[in-house]
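Peer 1: Pasting a structure here, questions to come.
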Amino acid sequence: MPINTNSNGYTFGYALVMTLLVAAILAGVAMLLKDRQDAEIRLDKMKQILNAVDPIDDKSKVQGEYEATIKEVIIDQSGKIVTDNAPAAFDLDLRKEYVKKKAGDPYHMPVYVYEKGTKKNYIMPLHGSGLWNVIWGYVALQDDFSTIDGATYGHAGETPGLGAEITKPWFQDQFKGRKFLNGKGDYELRILKGRGNELEGKPHLVDGMSGATITGVGVDSMLRKGYMTYKTYFESVN
Amino acid sequence: MSQVAEAAVKKSEPLFSPKNRRLLTDPLDDNNPITVQVLGICSALAVTTQVKPALVMAICVVVVCSVANLVISLLRKGIPSRIRMIVQLVVIASLVTLVDQILRAFLFEVSQQLSVFIGLIITNCIVMGRLEAFAMGNKPWPAFLDGIGNGLGYGAVLILVAMFREFFGAGTLMGYKLMPQAAYDMGYMDNGVMATSTAAMFLIGIFIWIQRSRNTKLVDVS
């Protein structure tokens with residue numbers, strides 16, 4: 001007896017079986033590949049951290065270079081370095097720590113101290129929100145804790161060509177040599193609206209992105225929030 | 001499923017008969033998905049700044065298009081006609097998800113670069129168009145070839161556009177510097193327009209122009 005492929009029962013049954021089958025296949029593959037994907041994500045994070053001070057193109061060298069030059073430090077809400085029972089700095093979820101901070105609970109923050117030859121930088125990880133989704137970044141500071149040696153940013157869902165420009169060299173490179181603080185020691189770094197502003201002799205100003213003002217504001221407040229979080233630590237090291 | 005098995009057994013013509021070969025070659029020129037059917041333009045403008053992402057995108061579309069065509073063709077007699085579009089979409093979406101997961105595990109940087117565009121293969125009109133127009137009414141083997149052909153036709157244009165854009169926009173190909181330093185010293189500059197999607201639109205326009213002036217079959221006489 002031929003099956004009536006147009007009957008309601010068949011249609012529903014077909015849809016049900018198909019959905020279950022596809023779900024099983026996709027879930028299986030996702031589980032199978034998870035370890036490898038996580039390893040790639042870890043490696044990419046190391047690469048991003050190093051990018052703030054010393055960009056490496058060769059992926060196979062990233063882990064070695066990271067382990068040789070970066071020391072992970074963890075600080076608590078009072079800016080003191082925590083050594084006992086400290087959570088792993090690398091795996092700390094900044095978003096959760098900022099939630100704790102907002103609620104007034106004790107929290108931890110990671111700092112990546114880079115040392116190679118005579119060069120020493122304090123790399124401050126950042127977390128904030130762009131227009132569509134989270135944005136993050138790593139900013140390398142000189143030991144005056146004001147001058148930026150390099151910055152690298154990432155995003156989860158900004159618009160290509162607009163907000164996603166924060167990952168481009170033209171945007172990141174202009175942070176080199178900029179200063180967070182003015183002569184009086186107050187926070188003064190600002191991202192302007194649009195590109196092509198007159199920046200000569202103004203070490204506290206950075207060009208924004210035309211058509212992506214909200215992402216620019218997001219980076220601006222991420223930098224401010226991040227710097228303020230680490231301020232007490234920076235002062236204690238200084 | 002018995003009908004499907006029967007259909008597979010009944011194959012009598014050779015695997016690469018002239019008719020089957022045309023399925024592969026037609027989309028490369030006479031029936032190119034981009035320049036003739038004008039499908040998949042969005043991603044052709046977006047992922048063609050460099051050759052490498054364009055190449056990966058092309059491979060992904062070839063894989064998704066051919067396997068989706070094959071699967072739908074195998075299932076074609078069992079698919080309830082009222083939900084056939086949904087079935088097609090589920091097949092495409094799961095294949096794209098698979099490709100995306102594999103890229104994330106093995107080609108992380110490229111997957112970051114292609115970001116949303118891999119997911120957008122799902123909405124690429126070429127894939128769905130071939131399923132509805134060809135795979136639903138043809139045997140698995142021709143459908144598979146048709147998928148490869150259309151994927152290649154799409155990929156060829158993508159890579160060609162990317163080659164022009166990367167060379168004139170950055171002086172490189174596949175990341176290797178090809179434009180000699182002497183040219184820069186003499187005042188040559190990389191063309192910034194080539195880095196924007198506007199350039200891709202002009203390039204595709206020029207391709208269509210050249211193709212139509214060469215290929216008389218494409219000239220619209222109405």
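The values are calculated or read from the model by the stated rules, or taken from the named source; none is laboratory data. Computed from a prediction, not measured in an experiment: that's the story for all the values here. Neighbour counts run over all protein chains shown; Cβ positions are idealised from the backbone, glycine included. SASA here: full protein model, heavy atoms, side chains in, ligands and nucleic acids out. Shrake-Rupley method; radii C 1.70, N 1.55, O 1.52, S 1.80 Å.
Peer 1: What is the one condition in (1) closer than 21 Å to residue B:195 by Cβ; (2) under 15 Å from the mean Cα position of the chain (by Cα); (3) among the hydrophobic types (A, V, I, L, M, F, W, C) that residue A:162 does not satisfy?
Peer 2: Result: residue A:162 passes all but (2).
Peer 1: It is to be established whether one or more residues within the stretch A:47-66 are more than 11 Å from chain B (Cβ to nearest Cβ) and farther than 30 Å from residue A:223 by Cα.
Peer 2: yes
Peer 1: Find the helices (runs of 4 or more DSSP H) located wholly in the stretch B:5-100 whose residues include 2 or more that are open to solvent by less than 30 Å² (accessible area, probe 1.4 Å) and closer than 30 Å to residue B:203 by Cβ, and list them.
Peer 2: B:41-46, B:51-75
Peer 1: Further, regarding this structure: Just checking, does the stretch A:176-191 include any residue being crowded, with 18+ Cβ neighbours inside 10 Å and among the aromatic types (Phe, Trp, Tyr)?
Peer 2: Checked the stretch A:176-191: at least one residue is crowded, with 18+ Cβ neighbours inside 10 Å and among the aromatic types (Phe, Trp, Tyr).
Peer 1: Could I ask something else about it? Need pairs with beta-carbon distance below 9 Å; first residue over 24 Å from residue A:97 (Cα atoms) and touching a residue at least 24 places away in the same chain (Cβ under 8 Å) and within the stretch A:204-233, second assigned to a helix (DSSP H, G or I) and of a type in the set (Phe, Trp, Tyr); sequence gap 6+ or separate chains.
Peer 2: A:206/A:171; A:207/A:170; A:207/A:171; A:209/A:171
Peer 1: So how many residues does the stretch A:57-71 have that are buried (at least 16 other Cβ atoms within 10 Å of the Cβ) and of a type outside the set (S, T, N, Q)?
Peer 2: 4
Peer 1: Limited to the stretch A:1-52, what total is found for residues that are surrounded by 11 or more Cβ atoms within 10 Å (Cβ to Cβ), in a helix (DSSP H, G or I) and more than 24 Å from the chain's Cα centre (by Cα)?
Peer 2: Summing the residues that are surrounded by 11 or more Cβ atoms within 10 Å (Cβ to Cβ), in a helix (DSSP H, G or I) and more than 24 Å from the chain's Cα centre (by Cα) in the stretch A:1-52 gives 16.
Peer 1: Here is a follow-up. Contact list please: Cβ distance under 6 Å, first residue in the stretch B:164-175 and crowded, with 16+ Cβ neighbours inside 10 Å, second residue among the small types (Gly, Ala, Ser), pairs at least six apart or on different chains.
Peer 2: So the pair list comes out as B:165/B:199; B:169/B:195.
Peer 1: Among the residues of the stretch A:136-157, count how many are in contact with a strand residue (DSSP E or B) (Cβ under 7 Å, 6 or more places away or on another chain) and within 14 Å of chain B (Cβ to nearest Cβ).
Peer 2: Looking only at that region, the number is 6.
Peer 1: Here is a further query. Residue under question is residue B:185, and the condition is that it be of a type in the set (Asp, Glu) and in contact (Cβ under 8 Å) with a residue 12 or more places away in the chain; does it hold?
Peer 2: Considered against the rule, which asks whether it is of a type in the set (Asp, Glu) and in contact (Cβ under 8 Å) with a residue 12 or more places away in the chain, residue B:185 comes out as no.
Peer 1: Give the residue, chosen from B:62, B:47, that is within 13 Å of chain A (Cβ to nearest Cβ), under 13 Å from the mean Cα position of the chain (by Cα) and not polar (S, T, N, Q).
Peer 2: Going through B:62, B:47 in turn, the sole match is B:47.
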